[in-house]
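J.: The structure's right below; bear with me while I get my questions together.
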Amino acid sequence: SLRDKVYDYLCNAMHKGEMLPGAVIDQKKICNELSISRTPLSNALIRLDAEGIVSIYPRSRVVVNKLEEEDINYLYEIIGTIESTLVVKGFDNYTNDILNEMELCNKQMTIFIENGDLRSYERLHYRFHKFFIDLAPNTFAERILRPIKNRLWDFPKNSFPQQ
């Protein structure tokens with residue numbers, strides 16, 4: 001849908017650092033750039049607001065939310081809780097081949113972090129965490145995890161602690 005395309009556009013802009021935390025989103029500019037009406041933009045912004053990525057101030061402005069270190073820790077605890085439940089539920093689906101592949105991902109991620117190759121690390125990081133959903137598919141867990149992971153993993157990383 002057009003709303004989803006606008007949502008993806010906004011997420012990509014944030015990920016690239018074109019819309020930094022604390023920035024006010026210029027809605028007129030976006031509508032002009034994408035040649036769209038305000039409705040799909042408003043719908044995309046409502047979704048981003050529900051995910052905690054932006055704050056909508058009615059009749060005023062939309063601001064990209066900042067992510068504080070305590071927020072990061074809390075969100076990772078939520079991810080860990082849900083993913084650990086998925087591991088238990090999908091336990092019988094973890095074959096030796098899959099466990100070996102996950103172990104290899106972990107080793108490679110460590111090397112990428114040590115070498116400062118965050119792009120390669122991120123690619124494997126997504127792949128590693130996808131195992132939990134793939135091996136214990138749960139629509140509700142995926143719907144909860146996706147916006148949290150997007151919030152953590154799709155923002156510019158320059159302000160995040162490396163840990």
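J.: By per-residue mean of other Cβ atoms within 10 Å, what is the highest-first order of 97-103, 55-61?
T.: Descending packing order for the listed peptides: 97-103, 55-61.
J.: Kindly rank 16-23, 121-128 from highest to lowest mean number of other beta carbons found within 10 Å of each residue.
T.: So the order, starting with the most tightly packed, is 121-128, 16-23.
J.: Restricting everything to alpha-carbon atoms, can you work out Rg to Rh for the chain with a Kirkwood hydrodynamic radius?
T.: When Rh is taken as the Kirkwood radius, the ratio is 1.01.
J.: Which lysines, if any, have their Cα less than 29 Å from the Cα of Lys5, not counting same-chain residues under 8 positions apart?
T.: Lys16, Lys28, Lys29, Lys66, Lys130, Lys149, Lys157
J.: With every protein chain kept in the model, how would you rank Glu69, Glu114 by accessible area, 1.4 Å probe, largest at the top?
T.: So the residues, ranked largest to smallest area, are Glu114, Glu69.
J.: Same structure again: Can you give me the accessible area per residue for region 12-163, using a 1.4 Å probe, in Å²?
T.: 64 Å²
J.: If we sort 32-40, 6-14 on the protection proxy, mean other Cβ atoms within 10 Å, highest first, what's the order?
T.: So the order, starting with the most tightly packed, is 6-14, 32-40.
The values are calculated or read from the model by the stated rules, or taken from the named source; none is laboratory data. These numbers were taken from a predicted model, which means no experiment stands behind them. For neighbour counting, all protein chains shown are included, and Cβ atoms are generated from backbone atoms with ideal geometry for every residue, glycine included. Each accessible area value is taken on the protein alone, full model and side chains, heavy atoms only, with ligands, DNA and RNA left out. Shrake-Rupley method; radii C 1.70, N 1.55, O 1.52, S 1.80 Å.
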